[in-house]
Amino acid sequence: MTITALDNHLGQQLVANGKLSEDDLEMAKRESHKTGESLQSALVKLGVTDEEDILKVLASLLNLKYVKISDMTIPREVIERVPAKLVTHYHIVPIETDPYTLYVATTDPNNVHDFDDLGLLLKTEIEPIVSSTKEIDDAIKRYYGIGASTIEELIDEQGTDTTNMPIGSDVTDLDEMAEDASIVRFVNQIIQEAMRDRATDIHVEPLEKELRVRYRIDGMLYEANIPASIRRFQSAIISRIKIWANLDIAERRLPQDGKIVTKMGEKEFDLRVSTLPTPYGESIVIRILSRDSEFVTLEKLGLDSYNAGIMRSMIHKPHGILFVTGPTGSGKSTTLYAVLNEINQVDRKILTVEDPIEYRIQGVTQVQVNPQIDLTFARVLRTMLRQDPDVIMVGETRDTETAEAATRAALTGHLVFSTLHTNDAAGAVTRLIDMGIEPFLVASSVEGLIAQRLVRLLCPECKAKFNPPEELLKHLKANGLETDGFPYFKPVGCERCRFTGFKGRTAIYEIIRLDEDIKRLVIDRQPSTAIKKQALKAGLRTIREDGWIKVTEGRTTVDEVLRVTMEDELGTARMQDE
């Protein structure tokens, strides 16, 4: 059967199977004729049908086996038969072997020339097995590691001398090594893989006997699969990142901060680079920020109609302070950006002071603090009041001076948004008073307090129903949660979620409006537990209760809500004891 005949049979069979329309087949044939590529390649390029469907039909026509590599475990001795550079070059994965034949997964089983070359290099017969591009790419990363072929090239370049450059290597040598094309390519591969996996941070961590790379995805750290031999090039890799971020590669004793602007496809990213000296070399964390991120609505943040209504009633007030509280990485800045985006209108002058500016907002004047030249939050705030603002956003209220300036701005008729690091919403009052703000000023200026956490969302493709243990249900009921009348789901794991069972995150909230009763408690210097009790009487939905709604909707798990709301449980227990 010639290739042309095979193409014809492939197209006809796809149409017969209902996987392709006649019009799309004709379009793919014209593309194939114009470019000289196979019909299979044209169909994949045009995206008119799924590659897996194409390859299954192709395998059937050629009497070959189609496999999903993700459903199998390839023995280590089979993987070791083919070097990473050959796997990458020929885009194949070894699947199984016998004394005379090596079976390899490929998307192009007709490429006899490549199989002949591969057989000569490996001194064995090659037999193709069909699999999809994604399956092969994922298997290469899984079994060989990210950038494995690049590391092999580096080792080949160095010959037998594959020892890692010591920490005290000459700066000139490090500079030259860091500019090596293979080192540049490997660092790019690490960063691009993080972007593809929706990571928010990359951790490059020198340990005693290895260089570890981890990605933070949906708030959790996952170790990247990279070749163990990467340790040999630790100094060059770290130097490459520092050069890219315009940092001093000769300075290894002090922490440094830098920034990289890069693109992946059509998307632009800001990479914030932080270095930290350790006994085994400099540890680097790269924060990934997309310049093209769309600002979400309050509902998309995770606020239902009840909490969104409360939030909107506060953000449209003419003056006062709204504090968003929570630990680092709980999404406070994202909430403030969504709030600013909602009220950003031509008749409002909005100013922000941030460290750093994470996202640019059209129509908003944003200022980046710089402590090295004494451009602090408090100093910028004082100047902002002379800029005729209507709304001011303070990235973080860190000290007494900033807190006083924000309070003064609110009392002089401005609407102020800021963040505080406290465990719950009511704790923000205590924190402000501890900073030295008089209770009557807190009561007069603060309009609302918001606490938030982020919970991971179940992957919609693989989540499964299950029955929670009876002991857990009793515990939940004891905390006032309704446990009957809805299904419970647990994470399973699939390709779409990187086998974690979770994909994406949403916020859960606790919102306190300072009514007259709560303001009296603030003026009387009552503890945060008393403030929370009064808020509960006024209808406060706790952060755990808000999370529980996400559980009842089948969007997250019981364990996930319990994990991020431990303080809420402890606070409730304390109030019950009193």
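A few points about this structure:
- Filter result (touching a residue at least 12 places away in the same chain (Cβ under 8 Å), within 30 Å of the chain's Cα centre (by Cα), within 28 Å of Thr150 (Cβ to Cβ) and in a loop (DSSP other than H, G, I, E, B)) within segment 35-92: Lys68, Met72, Ile74, His91, Ile92
- Glu342 vs. criteria open to solvent by 10 Å² or more (accessible area, probe 1.4 Å), part of a helix (DSSP H, G or I), under 30 Å from Arg216 (Cα atoms) and not aliphatic (A, V, I, L, M): yes
- Residues being open to solvent by 80 Å² or more (accessible area, probe 1.4 Å) and either among the basic types (Lys, Arg) or modelled with pLDDT of 90 or more (or both) - total across segment 374-403: 7
- Test: Glu205 is out of contact with any helix residue (DSSP H, G or I) (no Cβ under 8 Å at 6 or more places or on another chain), without any contact (Cβ under 8 Å) to a residue 12 or more places away in the chain and acidic (Asp, Glu): no
- Meets criteria (in contact (Cβ under 8 Å) with a residue 12 or more places away in the chain, acidic (Asp, Glu) and open to solvent by 50 Å² or more (accessible area, probe 1.4 Å)) for Glu299: no
- Of the strands (runs of 3 or more DSSP E) lying entirely inside segment 165-266, the ones with 2 or more residues being modelled with pLDDT of 90 or more and either of a type in the set (Ser, Thr, Tyr) or closer than 19 Å to Lys141 by Cα (or both) are found at 201-206, 211-217, 220-223.
Yes or no, residue by residue, for (1) assigned to a loop (DSSP other than H, G, I, E, B); (2) closer than 25 Å to Ser229 by Cα; (3) not hydrophobic (A, V, I, L, M, F, W, C):
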site	(1), (2), (3)
Asp116	no, no, yes
Leu121	no, yes, no
Glu127	no, no, yes
Lys134	no, no, yes
Asp137	no, yes, yes
Lys141	no, yes, yes
Thr150	no, yes, yes
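- Residue in segment 2-9 that is modelled with pLDDT of 85 or more and among the charged types (D, E, K, R) present: no
- Residue ranges of helices (runs of 4 or more DSSP H) in segment 364-448 with at least 2 members more than 29 Å from the chain's Cα centre (by Cα) and among the charged types (D, E, K, R): 377-384, 400-411, 427-434
- Selected residue (criterion: nearest to Leu449 (Cα to Cα)) from residues of segment 345-363 that are open to solvent by 50 Å² or more (accessible area, probe 1.4 Å) and acidic (Asp, Glu): Asp355
- Some residue of segment 22-32 being under 26 Å from Gly119 (Cβ atoms) and either in a loop (DSSP other than H, G, I, E, B) or aliphatic (A, V, I, L, M) (or both): no
- Annotation note: Cβ proximity below 7 Å between a residue of segment 386-414 that is farther than 19 Å from Ile315 by Cβ and a residue that is assigned to a loop (DSSP other than H, G, I, E, B) and polar (S, T, N, Q) (sequence gap 6+ or interchain) occurs for Ala403/Thr397.
- On the stretch given as segment 548-569, residues that are within 23 Å of the chain's Cα centre (by Cα) and more than 18 Å from Ala426 (Cα to Cα) total 12.
- Any hit, segment 68-78, residues being under 26 Å from Gln234 (Cβ atoms) and modelled with pLDDT of 85 or more: yes
- Restricting Leu46, Leu55 to residues that are of a type in the set (A, V, I, L, M, F, W, C) and open to solvent by 40 Å² or more (accessible area, probe 1.4 Å) narrows the list to Leu46.
- Segment 227-253, residues that are open to solvent by 30 Å² or more (accessible area, probe 1.4 Å) and touching a strand residue (DSSP E or B) at 6+ places or on another chain (Cβ under 7 Å): Arg231, Trp244, Asn246, Asp248, Arg252, Arg253
- Of everything in segment 119-139 that is of a type in the set (A, V, I, L, M, F, W, C) and more than 11 Å from His91 (Cα to Cα), the residue that is surrounded by the fewest Cβ atoms within 10 Å (Cβ to Cβ) is Leu120.
The values are calculated or read from the model by the stated rules, or taken from the named source; none is laboratory data. Quick caveat: nothing in here was measured; it's all calculated off a predicted structure. Positions of Cβ are generated from backbone atoms using ideal geometry, with glycine treated the same way; all protein chains shown enter the neighbour counts. To get the accessible areas, we keep the full protein, side chains included, count just its heavy atoms, and leave off ligands, DNA and RNA. Shrake-Rupley method; radii C 1.70, N 1.55, O 1.52, S 1.80 Å.
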